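Below: one structure, written as structure tokens.
Values quoted throughout were computed directly from the atomic coordinates according to the rules given, and no laboratory measurement underlies them. This is a predicted model, so every value here is computed, not measured. Neighbour counts are summed over all protein chains in view; Cβ atoms, including those assigned to glycine, are modelled from backbone coordinates with ideal geometry.
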Amino acid sequence: MAEAKVCAKKGRVLPALVQAARRASQHSLKFIRWLRRSLRDKLTEHAALFHLRALYASS
């Protein structure tokens, strides 16, 4: 996010491709963390999906 502030100060816009790549990697990381937690805690499918929906609803 620091690059966006630097760009804004210079009157420029952070390229959309950079922003899209960051969002994609953040979503992937969220998913991996959710999967790891679900397996570690041995959650049922219903409980795991509940947590996944809650995780992405707060994005």
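Some points to look at:
- When shorter helices are ignored and each DSSP H run of at least 4 residues is given -39500 (n - 2.57), the per-residue value for the chain at 222 nm works out to -25500 deg cm²/dmol.
- Span-rule helices in the chain, defined as complete DSSP H runs reaching 30 Å or more along the axis (Cα) with Kyte mean at least -0.5: 16-40
- Per-residue extension of 0.36 nm, minus the Cα-Cα distance of Leu17 and Leu35, leaves a gain of 3.8 nm for this segment.
- Along the chain, counting only trypsin sites (Lys or Arg not before Pro) with a DSSP assignment other than H, G, I, E or B and at most 13 other Cβ atoms inside a 10 Å radius, the longest segment between sites is 13-41.
- Cα-based Kirkwood hydrodynamic radius, the stretch 17-57, one decimal, Å: 10.9
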